[in-house]
Structure formats: C-alpha cells, structure tokens
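First the structure, in the form of structure tokens, and then the observations on it.
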Amino acid sequence: MSSAMIDLILQATLDTLYMVAVSAVVSAALGVPLGVMLYVTRPRQILARPLLNQVLGIVTNIGRSIPFIILMVAIIPFTRLVVGTSIGTNAAIVPLTLAAIPFVARLVEGALNEIPPGLVEAAQAMGATPHQIIAKVLLPEARGGIITGLTITVVTLVSYSAMAGAVGGGGLGDLGIRYGYNRFNPTVMLITVAILVVMVQGFQSLGDYLVRKSDRK
Amino acid sequence: MITLRNVSKTYHLRGSRTRLPFASRRDTPPRTIEALRNVDLHVPQGSIHGVIGLSGAGKSTLIRCVNLLERPSCGSVVVDGQEMTDLTAAQLNQARHRIGMIFQHFNLLTTRNVFDNVALPLELMGLKRAAIRKRVLPLLELTGLSDKARQYPAQLSGGQKQRVAIARALASEPRVLLCDEATSALDPQTTGSILTLLRDINQTLGLTILLITHEMEVVKSICHRVSLISDGELVEEADVGDFFTAPRTRLGREFLNDFLQLEPPKALVERLEEIPGERTHPVVRLAFSGDAVSTPLISRLARECGVDVSILQAKVESIQERTLGLMIAELLGSPEQTRRAIDYLESHDLHVEVLGHVQRND
C-alpha cells in the first residue's frame, strides 16, 4: 500500500475520532440536563410540570424520529449559522450532536427511572431541595446507567459519522465508500471496517470499565 | 410533640390507568379513595407511640402526613409546636431537619459508603467537613457501626443497613423519629436488636418516636401507647399494658388473639352459646396484671365461691415492665356461684370477658 494511502487512512481515523469526541461531549453536556428535566418534570415527580414534560417529550421524540441522513441536509442553514460553513468535518459535528442530544436524554431518563422511589422520598424527608435531590441522589445513583447510556451513544456516533461524507465531513466511513466501494479497493474497505471495529470495541470496554468502577450494587 | 387534629387524606384517581385512546373521560368516572378520615393523634414529648393496622389501613399515609411527604387534604399537623401545613417549601425543609425518618427498605444510597450515607443530611444542611465528621463518628459509635464506616450498603446485612438508616436519621439531631415499618423486612432476632436500639435512643436522647407496624411484637416490646387504625380511621387508643389486657374493639381483640395464639379450643367454640341457659356454665377469658399475677386467685376462687375452675389455656406474657397473665377457663358451678365468682375476680382487678356459655356434660 502506498504511503499516500496510509496517510489518508490515518487522517480519516483522526477525523472520525474528532467528530465523535466533539459531538459526544457536547451532546452529553446538553442531553444529560434534558434527560434530567424529562424525568423530574413528570407528574408526581420532584419538579412536576406535566405540560412542560409533554412538550419536552414531543420535541425529544421529533428529534429521535428524523433519519440522520435527512437531518444532516435539512439543517444546513443552521449548521452554517453555528460553524460558519456547511461542508467539512466541523459541519458534520452539528447534525451529529443534534441527533445525539435526544438520544442521550432518553437514555438518561431511563437510567433515572431505575432509581427506587424510596431514595428520593428519604431525601425529601431529610429536607433536601429538588436541586439537592438531583445533585446528591439522582445523578450519583444513576451514574452507572448514565455511563452505559453514554457508551451506547458514542458507539452510535461512530456509525452515524460514517454518513458524514454526505456533507464532505471525511472520516473512515467516507473513505470506505469513496476508495473501497467506488474505486473497487477491497483492501481499503477491509482496513476501514477493521479500524471501526477496534474503535467500537475500545469505547465499549472503556465504558464497561467505568460502569464497574462506579457501581456499588 | 406531635399533634394531628382532624386529619383527612383523599386521593382522586382519574379513571383507570389504561384508557383506550378513543374512550371519552365519561367512560371512566373519577374515583376517590379516603386514605385517612378525621384522624386525631397526640404523641407527647419523649414517648414511643405505635400505630398498628393491617396493610391498606392507612398507616403509611398517616406517618407521611406528619412530615408532609403526603399533604393532608384537611386538618392540622403540629410538630414541635410548629403547624406544618402552613410552612413554605423552604421552611418545610428546615422543619424536616428536626424530624428523622427510617423506612422498611432502608433507602440508603448505594453509591455512598456508611460514613457518607450518615453524612448526607448534614451535607444538605450545609455543614463543613470537619463539623460533619464530629457528628457522624459518635453516631456510628452509638449504632455499633464504627468498623463499617468505609463499607457500602451492598456489603451489609439488613440489620446493619437499618442501623445506618437510624444513624442517618439522627444526624440532624431531630426531636422526632418516624419509623415506617422499620423492622418488617428483618428476621426476628435482628428485629429485637433494632427495637432495643430504638428504645435506647428514646431513653438516652429523649427522642419522641412515632412508628407504624403490623407486628404486635413491636408494639409489645417498645411502645408506651398504641393506636389501632382500620380503614383510615383510628378506632382505638390505649396504653400498651391496657391494650394487651383488654382491647376495647373487635379488631383489637383479633390482633391480640392472633398474637397470643390464645383461642379457646375449636370443639368448645362450636358448643358456645351466647345466652346462658338453665344448665350452662360460662367460659371466660381472664386477663390479670400486677399483683394479681402472683396471687393464687384460682384456688381461692374455688374455696370462697365454691366453683370449680377448668383451665383451657393459660399463658404469662411480659409487656415491658409489666407481667400479664392470660387464661381461658370454664367456671363450673350453679349460676349463682359463677356470678359471684366473676364479681370476686373483678373485685381483684382482673379483666373478665365472658366468651359464652356451654351446656353441662353431667
């Protein structure tokens, strides 16, 4: 294999890691609070706001129902507004993040749902405010579940990032399609897939390790 | 210390939970459930008050109305001189620092070790680390957990978990402790040690305790007074000694008989008649405490009233410091003699309940 080809593969690997890392961090930063909101505003919950809860739920579901490839092209004006361009790696990060936020939110909501209601009741009996309950009971007790959810998100982002080629985002998926498929180069195809497999295995193992460390049950 | 006046709690359920999408609201009329009805309860400073009842009787709702985990639909809740239902959210949180609570399933945080679980209420109050340490360590000592400080709840037994929960409930130095079926998930031995701990705390700290339970054993071993709850209403309230001697309601007698396993033999129950006849004699349930326990009353009864006593069942229970004797017996003699015998027993402070009359065999 030519050294140019090796450079291409290296660059594509870095692009994928970059897109996944940035969109994972931003979507976690926004998706975790949204997931908490979805949970605590439920009826009979500590900050019950049934109407707000319904609105948030519907918005989240809309975000989850748009196919990623359509979302990516549909929000091009928004992408240009945020990163100043509609093509390239940075441009791909915007739709990746936007798609991951509702995904993270629902997984976080699910993790919070696993906490026995008695723990919240006990905290209330101690005179905890809703904010204290979120910070000292809900988030720590759901930590394992939230990490599991974020691991799933990262793996999903790796596979979504393969579609980034549609907006010139680069990355391994794009390389595989352009060189491996369009130019009939099975070696490149195999290598990109192999790197993706290793990457996903790595993220999953890291996630599992972090869950084990935080789980005391 | 705790006073509930005319407290009621009504739940409104809007139809069934699984409503078909096209069914109109009219199809499922709103249902209301009266969990508590006009409850009056007073627990004086330093006493241990038990509320006993079957499941679904409203015990949990009652105890949750004290710290307003459930807000009463109407009525007044006064704890330590403070009307709870008038407080703002912030004031209520302050007031809750003075009310500890423990639960059937302990409700410890799984991600915090024993020390940090006990420290939680102090963190919520905004105490500094050093101050927290100063309060937590003596509490671990008191509850016998000093060597478990760094362990996590998953590594502890049920009894140890409840001890952590007790230490946690005491951390904010409350005036009142609420116990929600605190021993129901524990085996009899562990129950005993937890109850001993609660009694010690009551005596050394002067803590007022309100507990709910379905176990007579709990009432018997630590409560000073007991209330009986049925279908959302308090139907009977008495000193524990009096309750075990002579419950006033049918439900009270059922609880007691169930607990003491003191029932007349089945064959006899079938022969019992309510109205005395010409040739019947009474079957009585005798309960006696104090001096009467050590007095040979039965043999005196035979001598002084000329009746024979056939003992069907008997048992002696100690209810805290009091000794309680219980007996089911047939009084054999003429109607005049047995009447005099009952008078004689009552004049010696025995509680006599005539269960019925049986035909003489002779």
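Any read-out appearing in this document is the output of simple, stated calculations on the displayed coordinates, not a laboratory observation. Note that this is a predicted model, so its numbers are computed, not measured. All Cβ positions, even for glycine, are placed from backbone atoms using ideal geometry, and neighbour counts span all protein chains on display.
When the C-alpha to C-alpha distance is required to be over 30 Å, the pairs from B:K9/B:K148; A:K213/B:K161; B:K134/B:K220 that qualify are B:K9/B:K148; B:K134/B:K220. Per-residue 3J(HN,Hα) values for segment B:110-121, derived from phi via the Karplus relation 6.51 cos²θ - 1.76 cosθ + 1.60 with θ = phi - 60°, read 6, 8, 10, 6, 4, 4, 5, 5, 5, 6, 3, x Hz in sequence order (x marks Gly and Pro).
If you take the square roots of the eigenvalues of the alpha-carbon gyration tensor of segment A:162-214 and sort them as a ≥ b ≥ c, do you get rounded (a/c under 1.5), prolate (a/b over b/c) or oblate? In terms of gyration-tensor shape, oblate. Computed from label points 7 Å out along Cα-Cβ, the spacing between B:D239 and A:D215 is 5.6 nm.
On a 0 to 90° scale, report how tilted helix B:250-260 is relative to the longest principal axis of chain B, with both axes built from alpha carbons and the result rounded to the nearest 10. Orientation of helix B:250-260: about 90 degrees from the principal axis. Need one word for segment B:264-359: rounded, prolate or oblate. Basis is the Cα gyration tensor (sqrt eigenvalues a ≥ b ≥ c); a/c below 1.5 gives rounded, then a/b vs b/c decides. In terms of gyration-tensor shape, oblate. Charge tally around A:T60: other residues with Cβ under 11 Å, Lys/Arg +1 each, Asp/Glu -1 each, net +1.
Cross-link partners for B:K128 among the lysines, with Cα-Cα distance under 18 Å and sequence neighbours closer than 8 places in the same chain left out: A:K136. Based on alpha-carbon atoms, the Kirkwood radius and the radius of gyration of chain B give Rg/Rh equal to 1.08.
Overall, the ratio between the Cα radius of gyration of segment B:213-333 and 2.2 N^0.38 Å, rounded to two decimals, is 1.18. Taking Cβ atoms as reference points and 11 Å as the exclusive limit, the residues near B:G81 contribute a net charge of 0, counting Lys and Arg as +1 and Asp and Glu as -1. Helix B:158-171 and the longest principal axis of the C-alpha atoms of chain B enclose an angle of approximately 60°. Here segment A:23-61 is scanned for amide nitrogen atoms under 16 Å from the site 7 Å beyond the Cα of A:A74 along Cα-to-Cβ, giving A:58-61. Restricting the calculation to Cα atoms, segment B:27-96 shows an Rg/Rh of 1.02 when the hydrodynamic-style radius is the Kirkwood one.
Summing charges over all other residues whose Cβ lies under 14 Å from the Cβ of B:N38, with Lys and Arg as +1 and Asp and Glu as -1, gives -2.
From its DSSP helices (H runs of at least four residues, each -39,500 (n - 2.57)), the protein assembly as shown gives a residue-normalised ellipticity at 222 nm of -15500 deg cm²/dmol.
Were the residues from B:S184 through B:E304 laid out at 0.36 nm apart, the gain over their Cα-Cα distance would be 38.4 nm. Relative to the compact-globule estimate of 2.2 N^0.38 Å, the Cα radius of gyration of the protein assembly as shown comes out at 1.39.
Would you work out if segment A:10-131 is rounded, prolate or oblate? Take a ≥ b ≥ c from the square roots of the eigenvalues of the alpha-carbon gyration tensor; rounded if a/c is under 1.5, else prolate when a/b is larger than b/c, oblate otherwise. Prolate.
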